[in-house]
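Here's the structure, in structure tokens; my notes come after.
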Amino acid sequence: MERRNFFKITSLAGGGLLLSTYLPLACTSTEVPNIDWEPNFFIRINSDNTVTFICSQSELGQGTSTGLAMVAADELGVSMDKLKVEFGQGSTERYGDVQDTGGSNGLRIVWPSLREAMATTRALLVAAAAQKWQIDVDECYCEDGHIHRKDQEGQKLAFGEVLEIASTLPAPREIKLKEPSEFRYIGKSVLGPKTKMAAKGTTPYSINKKLPNMLYAAIARCPVWEGSLTSFDATEALKVPGVVEVLEVEPTELQTTDYKGGVRPGVAVLANSTWAAFEGKKALKIEWEMGKNGLKSSATIQQELADNYKTPSKANINLNDATTLFGRSSKVFSAVYDAPFQANACMEPLNATAYHRGHKVEVWSGTQAPQLTRDRVAELTGLPVAAVTVNNPPSGGGFGRRYFCDFVEEAVILSEKVRVPVKVTWSREDTFLTSKYHPITKDYWQASLDANNYPIAIKYRGSIGRPGAYRCYPYSIPIAFYDYLKYKDGWLLPRASWRSVYAHPWGLGLESFMDELAQNANEDPLQFRIKMLENAEVVEQKELPWVGDDLYPAKLKNTLEMVAEKANWDTTNDGIYQGVSAMGYNTSYVAMVADISVENNQVKVHKVTAVIDCGLAVNPSQVKAQIEGSIMWGLSATLKDGITVEQGHVQQSNYDTYDLMRITDAPDIEVHIVESNDTPSGTGEVGVPGVAPAILNAVYAATGKRIRQLPITASLLESAVS
Amino acid sequence: MINGELLEVDAHDNMPLLWALRDVLDMTGTKYGCGKGLCGACTVHVDGEAVRSCTIPISALEGKEITTIEGSAVNPILEKVQDAWYVTDVPQCGYCQSGQMMSAAALLAKNSNPSQDAIHSAMNGNLCRCGTYVRIRKAIRAAADNLDQNAN
Ligand code: FES
Ligand code: FES
């Protein structure tokens with residue numbers, strides 16, 4: 001996923017967040033004043049000793065709110081079970097430009113600034129207590145929401161007791177971060193408030209929002225992308241009990257950064273309950289003009305990509321002079337890998353509530369991009385950004401789709417018309433039929449081989465991305481990246497990010513191709529990878545600083561060696577076959593081995609063993625959960641249907657036709673974490689791209705059939721030749 | 001009766017229980033996922049059976065006893081299930097989990113020591129896009145063990 005200006009941001013984030021954050025206190029009462037002290041925008045301490053952590057990043061289930069709260073608790077010196085967690089609003093003024101959550105960046109980006117902010121707060125509290133006790137600051141420390149005296153055991157002051165002084169002190173010139181040995185939570189599997197809420201069913205998702213006079217909206221959208229509304233008849237819809245009003249929704253243009261815009265033309269039914277709105281929508285009579293996309297299908301797009309491959313292309317990135325080396329041998333091995341469109345299918349359907357009051361707008365919506373959404377709402381309404389509030393409660397899954405704000409735009413457009421709060425809820429069908437999607441892909445790989453069938457150089461030409469787009473290529477075989485393949489004219493379906501974004505087709509190609517190269521060279525696929533990593537150089541990521549760090553082949557090699565041991569690589573021969581993959585994503589690394597069997601052309605996955613290096617694992621239980629979930633996600637994309645398009649219409653409308661992994665299909669999963677004290681790095685996506693190739697490689701081991709297309713259906717496997 | 005309380009719902013007869021709970025009674029623990037009985041997010045108990053509230057109109061429920069995720073105070077098994085879900089760190093986004101826990105509680109009420117197959121057949125109608133299945137299996141076993149200990 002493309003990030004905006006991340007470099008500027010990260011350098012600013014260090015101390016920039018602490019500026020202008022001291023709130024003036026206006027307390028003249030002689031009683032203990034009720035102080036709400038906000039020394040920075042992450043924390044609020046009240047004189048009743050409540051400490052509230054304000055989570056700036058979006059909680060989508062990946063556990064960011066818990067991870068960050070643990071960092072805050074440790075650096076400040078409060079206990080986790082006393083720390084309240086609130087979810088912040090979209091705000092560049094408060095959080096700089098780092099708030100939007102994507103590319104598994106949450107913890108990685110906020111970690112340094114959050115620690116500094118908390119260490120500063122701690123220093124102020126300690127200084128205030130020291131002043132009260134008239135002793136040196138070095139004689140005090142923070143723990144459990146109190147400042148303690150080192151010289152007199154048991155002597156302590158609660159945070160609340162020193163706020164009056166603390167809030168008047170100047171920011172300390174120097175702060176000291178805690179040493180890892182002082183961490184009480186970081187590095188442990190801590191159960192956070194988000195888990196507690198979810199286990200009670202009380203998570204405040206935006207789909208639960210209810211406001212006085214709120215109308216519930218359902219929208220019938222044009223089923224073909226870039227089609228238009230010809231006419232509609234609302235007579236029957238208006239007869240449905242509970243329906244209040246029917247309104248046309250004018251489309252918004254897809255913006256150059258396609259996170260914004262792309263509201264489809266539609267007809268909205270506003271009612272006094274979600275159900276009435278859904279029923280009203282069913283009763284609408286609508287004529288659409290389908291436009292040019294009404295003639296196209298998935299197959300058309302695959303053909304367009306294949307045709308585009310025939311157009312000459314130039315190498316945009318040419319590592320270690322790959323193109324020259326490539327020309328030295330006439331022996332070339334080629335493979336093409338195909339993957340279909342995909343839907344995010346988050347369990348909480350897209351929804352947003354908006355209240356346009358003329359001079360200001362307030363939005364409640366689980367979004368991954370509260371800042372981008374706020375800017376967009378300002379753009380749409382013509383109001384200043386300061387007049388727009390975006391509340392960002394936890395979401396029932398995001399996976400990239402909630403980085404795009406079309407669903408919020410719809411609620412704002414409708415509330416602007418009716419001037420009462422409007423909650424737009426997408427039906428499940430809407431989320432499949434008229435959404436934004438992970439694009440269809442076709443990736444071309446070629447290797448020139450020497451006399452012993454060893455690869456000399458690789459050429460890659462894929463279909464999502466732009467020249468220079470980040471690809472995590474760790475091996476020592478020289479590689480050249482060519483122009484990306486294009487469609488003839490525009491999208492058939494609008495694009496959304498999807499868990500791991502471009503890394504999924506990239507991983508499918510790279511890690512299948514590495515297996516094929518090993519097979520050509522008559523080598524064990526796991527050992528072959530290790531060999532190809534042995535002399536690989538560190539890849540500098542200076543062109544894409546949001547990636548966070550350089551790419552270290554040695555780390556990936558280490559995960560491979562570990563997974564070989566943990567999964568008993570190659571020692572089993574009991575009807576269970578293994579496939580391996582190794583992937584990096586930003587600054588995390590995962591190697592995995594899949595154990596499968598094939599019976600009647602059905603692939604059964606018994607177990608997946610994975611090893612992750614994500615730097616310091618702040619919360620190991622959550623790190624493992626992310627990898628478990630990513631594996632399940634990858635398996636759905638490998639073994640289940642995907643999205644197909646016929647005559648512009650998506651063919652999958654609900655979970656019956658877009659099936660996902662269910663508990664019966666779920667393999668055992670074992671996740672091991674590499675011990676590390678490096679800066680924590682993302683874990684939400686790195687586990688996805690290696691899944692499809694690990695399975696396909698195992699299928700090859702089991703059947704001798706090389707499948708280069710997703711999903712692997714029984715009929716595909718049956719018709720394939722070994 | 002919902003969670004032991006006699007409630008009257010002012011809504012259209014055909015309104016599915018799901019929407020009556022969520023939009024009329026403000027009991028938002030029960031979730032909308034698919035509206036077609038395909039995902040299990042809306043699972044509640046009607047007279048002890050796990051059912052999909054998105055497909056039952058309220059008119060069919062007169063005199064029935066309904067338990068929702070909010071009903072752990074009146075349903076000790078559900079309470080144990082919720083505890084097991086918490087300590088096993090099952091939920092990710094959590095959206096599917098009300099339904100998962102309701103299905104699990106109904107299973108454990110009938111079968112306090114379910115085999116893997118029994119767990120699978122009781123839980124297969126509950127989708128989780130976050131992919132928490134491995135931990136769901138673990139949590140059901142933990143809840144079963146816990147119930148077992150209590151019984152002894
Ligand atoms: S919402 Fe009822 S089963 Fe999906
Ligand atoms: S926890 Fe997110 S869908 Fe199950």
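The values are calculated or read from the model by the stated rules, or taken from the named source; none is laboratory data. Given the structure is predicted, the values throughout are model-derived calculations rather than measurements. In this analysis, Cβ positions are derived from the backbone assuming ideal geometry, glycine residues included, and neighbour counts consider all displayed protein chains. These area figures cover heavy atoms from the full protein model, side chains too; ligands, DNA and RNA do not enter into them. Shrake-Rupley method; radii C 1.70, N 1.55, O 1.52, S 1.80 Å.
Mean per-residue shielding of peptide A:606-616 is 0, counting Cβ atoms of other chains within 10 Å of each Cβ. Can you figure out the FRET efficiency of A:Ala158 with B:Ala73, using R₀ = 25 Å and their beta-carbon distance, to the nearest 0.05? So the FRET efficiency works out to roughly 0.15.
Applying a DSSP loop filter and a limit of 11 other Cβ atoms within 10 Å to the GluC sites (Glu not before Pro) in segment A:625-722 leaves A:Glu675.
Near A:Tyr437, the amide H atoms lying under 5 Å from its own belong to A:Arg495, A:Ala496; only residues 5 or more places off or on other chains count, and H is placed 1.01 Å from N. Here the label points at A:Glu248 and A:Lys210, each 7 Å from Cα along the C-beta direction, are separated by 3.5 nm in the simple model.
Radius of gyration over Kirkwood radius for segment A:651-722, both on Cα atoms: the Rg/Rh ratio is 1.07. Taking amide H as placed 1.01 Å from N in the peptide plane, A:Asp100 has its amide H under 5 Å from the amide H of A:Gln371, each at least 5 places away in sequence or on another chain. Seen from a random direction on average, the alpha-carbon convex hull of chain B projects onto 8.4 square nanometres.
Largest GNM mean-square fluctuation across B:Asp117, B:Asp83, B:Asp47, computed for chain B with C-alpha springs under 10 Å, falls on B:Asp117.
Residue separation of A:Glu537 and A:Ala714 scaled by 0.36 nm, minus their Cα-Cα distance, works out to 59.6 nm of gained length. Averaging 1/r across all pairs of distinct Cα atoms in segment A:366-417 and inverting the result yields a Kirkwood radius of 11.3 Å.
Compactness check for segment A:258-381: Cα Rg over 2.2 N^0.38 Å is 1.73. Exceedance of the 24 Å cut-off in Cα-Cα distance is limited, within the set A:Lys209/B:Lys80; A:Lys82/A:Lys210; A:Lys150/A:Lys176, to A:Lys209/B:Lys80; A:Lys82/A:Lys210.
Calculate, for B:Ala60 and A:Ser231, the FRET efficiency according to 1/(1 + (r/R0)^6) with r their C-beta to C-beta distance and R0 41 Å; round to the nearest 0.05. With R0 = 41 Å, the Cβ-Cβ based efficiency is 0.60. Peptides A:117-124, A:436-443, A:329-336 ranked from most to least packed by the mean count of surrounding Cβ atoms within 10 Å: A:436-443, A:117-124, A:329-336. Take the Cα of A:Glu523, step 7 Å toward its Cβ, do the same at B:Asn124, and the gap between the two points is 4.3 nm. Rg and Dmax over the alpha-carbon atoms of segment B:112-152 stand at 11.2, 37 Å. On full extension of the chain, what length is gained from A:Glu675 through A:Lys285, given 0.36 nm per residue of separation minus the C-alpha to C-alpha distance? Extending this stretch completely gives an extra 134.4 nm.
List the lysines whose Cα lies under 29 Å from the Cα of A:Lys531, skipping any in the same chain that are fewer than 8 positions away. Hits, sequence-local ones excluded: A:Lys331, A:Lys442, A:Lys459, A:Lys542, A:Lys555, A:Lys557, A:Lys566, A:Lys607, A:Lys624, A:Lys705.
Mean projected area of the convex hull spanned by the Cα atoms of segment B:61-106, taken over all viewing directions: 3.5 nm². Placing A:Lys282, A:Lys640, A:Lys417 in order of accessible area, with the largest value first and a 1.4 Å probe, yields A:Lys282, A:Lys417, A:Lys640. Buried by at least 50 Å² relative to the chain on its own: which residues of segment B:26-55 qualify, computing accessible area with a 1.4 Å probe on protein heavy atoms? In segment B:26-55, residues shielded by partner chains: B:Tyr32, B:Leu38. Note on the protein assembly as shown: Kirkwood radius taken over Cα pairs, Stokes-Einstein applied at 25 °C and 0.890 mPa s, translational D equal to 86 µm² s⁻¹.
Taking all protein chains together and a 1.4 Å probe, the residues A:His672, A:His504, A:His606 rank A:His606, A:His672, A:His504 from largest to smallest accessible area. Available extension along the chain between A:Glu143 and A:Gln255 is 35.4 nm, counting 0.36 nm per residue and deducting the alpha carbon span. Phi angles of segment A:303-314 translate, via the Karplus equation with coefficients 6.51, -1.76, 1.60 and θ = phi - 60°, into HN-Hα couplings of 5, 4, 5, 5, 5, 5, 4, 6, 6, x, 9, 10 Hz per residue; Gly and Pro are given as x. Any chance you could tell me what percent of the C-alpha pair distances in segment A:249-308 go past 19 Å? That tail contains 59 percent of the Cα-Cα pairs. Per-residue accessible area (protein heavy atoms, 1.4 Å probe) orders A:His146, B:His45 as A:His146, B:His45, starting from the largest. For segment B:109-130, a decrease in accessible area of 40 Å² or greater in the assembled protein chains relative to the isolated chain, with a 1.4 Å probe, applies to B:His120, B:Asn124, B:Leu127, B:Arg129, B:Cys130. Per residue, chain A exposes 37 Å² of accessible surface when a 1.4 Å probe is rolled over the protein heavy atoms with every protein chain present. Dividing the Cα radius of gyration of segment A:139-208 by its Kirkwood radius returns 1.11 for Rg/Rh.
If you average the alpha carbon positions of segment A:614-657 and of segment A:275-303, how far apart do those two centres end up, in angstrom? Computed from Cα coordinates, the inter-centre distance equals 25 Å. Only Cα sites of segment A:277-319 enter the Debye sum here, all with the same form factor; the resulting log10 I(q)/I(0) across q = 0.16, 0.25, 0.26 1/Å is -0.70, -0.91, -0.93, listed in q order.
Rg ratio for segment A:338-379: its Cα radius of gyration over 2.2 N^0.38 Å, N being its residue count, equals 1.58. Applied to segment A:578-586, the Karplus parametrisation 6.51 cos²θ - 1.76 cosθ + 1.60 on θ = phi - 60° returns per-residue 3J(HN,Hα) values of 10, x, 10, 8, 9, 9, x, 9, 6 Hz, with x for Gly and Pro. The mean count of C-beta atoms from other chains within 10 Å of the C-beta of residues in B:8-19, rounded to a whole number, is 3.
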